[in-house]
Amino acid sequence: MNLRERQVVIGGIFVLITLIFIGRLIQMQLYSSEWKEYAARLTEETEQLEPARGLMLDRNGQILLNNMAGYDIWFTPRKCRTAGGLDTMAFAEILRMTPAELEREFRRAEAYASYRPSIIRKQIPAEHFARIAGELYRFPGAEARRRTIRTNPTGLASHLVGEYREVDQNDMASNSRYRLGDYKGKSGLELQWDQALHGKRGIRHHIVDIRNDYRAPAQEGLLDTLPTPGQDIQLTLDLDLQAYGENIMANKRGAIVAIEPSTGEVLAMVSAPSYATDLLTGRERGSNYDSLLNHPSKPLFNRTLRATYRPGSIFKMIQGLIALDRGVIRPSSRIYCDRNIIGCHGGHTLDNLEEAIVHSCNPYFHEVMKRMIQDGSSGNIFRDAHNNLGAWSESIRAFGMGTNLGGHFPALRSGTVPDTTDYDRMYGRKRWAYSTIYSISIGEGELLTTPIHMANLAAVLANRGHYVTPHVIQHIGDLGKPEEMNQRFDTGIDPIHFETVIRAMAQVVTAEDGTGSRAQVPGFDVCGKTGTVQNSQGNHSVFIAFAPKNNPQIALSVYVENAGSGGDWAAPIASLMIERYLNGTVEQREKEDRILQATYPFPESPL
C-alpha cells in the first residue's frame with residue numbers, strides 16, 4: 001500500500017470515528033429518555049404541592065377534624081457556607097430550640113445533602129411563625145414552607161378519629177408515594193379513610209442553577225398542576241351527645257356506645273379515660289405519647305372496640321329468645337329457682353320468663369340452656385353437648401356476638417362465642433358435657449364481648465330481631481355513603497318472641513324491685529337490662545337500653561369498670577345519655593351531679 005492509500009485509509013478511520021461520536025451525541029440528546037431525564041435533573045427541579053386534607057364533620061355539620069396553617073423551616077447547608085455562615089445563637093432563639101438541638105439538625109442536614117434543603121424545625125404554629133417570618137432573611141440557607149397541621153378543636157372522639165403523623169421507614173418501604181417528611185393517617189378513621197382524605201398532590205416545575213437556586217418556572221409553568229383537596233367525611237356522630245358522654249365519664253374507666261337502631265348509625269363512642277388528639281401532633285408528640293402510653297389508666301386504649309368483657313346477666317335475654325324460638329320454653333314456663341345448682345339473689349322462687357329477666361334469675365337460665373344442650377336425644381350427655389352446642393353457637397352469632405359486625409371497624413375485636421371445637425381443644429373430644437360449660441348460660445365463662453357488640457344487641461332488641469351493620473360514616477365527599485354500610489342482618493327469630501323480652505326490659509326500669517330503676521327518664525319509656533360482670537379487681541357495672549319503647553331512637557351500652565352492680569352506675573349514666581339525646585338537655589340535675597362527682601375507684605356501696 002503506497003503513502004497515498006494509507007492517508008486515505010487513516011483519514012477514513014478518523015471520519016468514521018467522528019461520525020460515530022456525532023451519532024451517539026444526537027441519540028443521547030434527542031432520542032434517549034434516560035439522558036434527557038438526567039439532563040433535566042441537572043437544571044430542573046420539581047416541588048410537590050400538598051393538597052388540603054379533607055375535614056371530618058358530625059351528623060349536623062359541626063367540624064370535628066380541621067386543618068390549620070403551620071410552617072416547617074428548611075435549611076440548605078451550601079447556601080449557608082456560601083454566605084459565610086449564620087448566627088447560631090440567634091437562629092436557635094427565634095426557633096425556640098437550644099443551640100445543641102439546632103447543631104444536631106444542622107449535622108443531619110449536612111449528612112443528607114449539602115445542596116438540598118432539609119427540615120430542621122417542624123410544624124411551627126401560624127401565630128409563632130408570624131413573629132419570626134420577618135427575621136428569616138438574616139439566616140442564609142433558611143427558608144419556610146407552609147404545612148397543614150391537623151387539629152381537633154373539640155378534643156372529642158380521639159380514639160375513633162385516630163392519629164395523623166409523619167410517615168416512618170415502614171410506610172415508605174410499603175408505598176412508593178411516600179417521601180421523607182410526608183404525613184398520613186396512622187390509626188382510626190384517619191388511617192381507614194386516608195386515601196379519600198388525602199386528595200391528590202400538585203406539582204410545580206422550576207429551573208435551578210448549579211447551586212440549586214431558583215431561577216424561573218419551567219416552560220413558563222405549563223407543566224404545573226394544582227393539588228386536588230381531599231374528600232370531606234361526614235360522620236354519624238352527634239358531637240353534642242359525644243361531648244356529654246365524655247364529660248360524665250371523666251375520671252372513670254369504661255365505655256359508652258350509642259346507636260340509632262333503625263340505621264345502624266353510631267351516635268356516640270366514648271372510651272374513658274380519653275385524651276386530646278392534638279397532644280399527638282407537633283414537636284411535643286413524642287413526650288406526650290410516652291406519658292399517655294405509660295399512664296396506669298391506659299387512655300390510649302380504645303375500650304369501645306378493643307376491651308373485651310363477659311356479657312353477664314344481659315346475655316340471659318338472648319338465651320330466652322333462642323329457647324322461645326326453638327319451642328324449648330314458652331313465655332309462661334316457670335322454673336324453680338334452685339340455688340343449690342347455681343347461686344342467685346332476691347326473694348323470687350318460681351319465675352316465668354319475663355319475671356326471670358326482671359329478677360335476673362341464674363337457675364332459670366341454667367335450666368333453659370340445659371334443655372337446649374343436654375336434650376337427651378343421643379342418650380349420652382357428652383354426645384348431646386357435642387352435637388348441640390354448634391347450633392347454639394350459630395344462633396348466638398346471629399345477634400352479632402363473636403363477629404366483626406360487618407367489618408366497618410378494622411380495629412374491632414370480635415369477642416368470643418365458644419363452640420364445640422373450642423371445648424374439644426380445651427377438654428378433649430367427648431370429655432365435656434353441659435355440667436362443664438354451664439357458666440356460659442348466664443353470660444360468664446368463655447363468652448367475651450365488647451361495648452359496641454352490646455350496643456348492637458340493644459339495637460337488635462329495639463328492632464325486634466334485626467340490626468343494620470353499625471357504622472360511623474354518613475357521607476364521603478362526592479362518593480356518598482358506601483352501600484355496604486346499609487347491610488341488614490336478621491337473627492331468624494320470630495319478632496313475636498321479642499315482645500316478652502321487651503316487656504321484661506321495661507319492667508327492669510319501672511318495677512319496684514327492678515334492678516334498673518335509676519335508668520328512668522321522665523316522659524319516655526326506657527327498656528333496659530342490668531349486668532354485673534365479675535372481675536377480680538371489682539365487678540364491672542353494665543347496662544344496655546333503648547328508648548322510646550315504641551319507635552326507638554337510641555340504643556346504647558354503658559360499661560363502668562370496677563364500679564359494682566349495673567343498676568348503681570351504668571344505669572343512671574344511660575338515663576342521662578338518653579335524656580340528652582331525646583330532649584337536647586338534662587333536667588335530672590341530682591342524678592347528673594352524682595355521676596359527675598363519682599371518680600375511679602368507686603366506693604363499695606353506691607352513694
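Here are the numbers:
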read-out	value
Checking Asp290 against (1) surrounded by 16 or more Cβ atoms within 10 Å (Cβ to Cβ); (2) in a helix (DSSP H, G or I), the condition it does not meet	(1)
Inter-residue pairs, beta-carbon under 9 Å, first under 14 Å from Ile132 (Cβ atoms) and not assigned by TED's automatic domain parsing to the domain that holds Ile119 and in the stretch 64-93, second among the basic types (Lys, Arg) and surrounded by 15 or more Cβ atoms within 10 Å (Cβ to Cβ), 6+ apart	none
For Ser332: the one exception among (1) farther than 27 Å from Leu239 by Cα; (2) in a helix (DSSP H, G or I)	(2)
Count - residues of the stretch 484-510 that are part of a loop (DSSP other than H, G, I, E, B) and surrounded by 17 or more Cβ atoms within 10 Å (Cβ to Cβ)	2
Qualifying residue in the stretch 563-577 (condition: part of a loop (DSSP other than H, G, I, E, B), free of Cβ contacts under 8 Å to residues at least 24 places away in the same chain and either among the hydroxyl-bearing types (Ser, Thr, Tyr) or surrounded by fewer than 24 Cβ atoms within 10 Å (Cβ to Cβ) (or both))	no
Any hit, the stretch 447-459, residues being farther than 23 Å from Leu239 by Cα and either assigned to a loop (DSSP other than H, G, I, E, B) or at pLDDT below 95 (or both)	yes
The stretch 540-551, residues that are in contact with a helix residue (DSSP H, G or I) (Cβ under 9 Å, 6 or more places away or on another chain) and surrounded by fewer than 24 Cβ atoms within 10 Å (Cβ to Cβ)	Pro548, Lys549
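Residue-wise test of (1) crowded, with 17+ Cβ neighbours inside 10 Å; (2) among the β-branched types (Val, Ile, Thr); (3) not in a helix (DSSP H, G or I).
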residue: Phe106; (1), (2), (3): yes, no, no
residue: Ala111; (1), (2), (3): no, no, no
residue: Ile124; (1), (2), (3): yes, yes, yes
residue: Thr154; (1), (2), (3): yes, yes, yes
residue: His159; (1), (2), (3): yes, no, no
residue: Asp171; (1), (2), (3): no, no, no
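The values are calculated or read from the model by the stated rules, or taken from the named source; none is laboratory data. Values in this document were obtained by computation on a predicted structure and should not be read as measured data. Because the Cβ atoms are built from the backbone with ideal geometry, glycine has one as well, and the counts that use them run over all protein chains shown.
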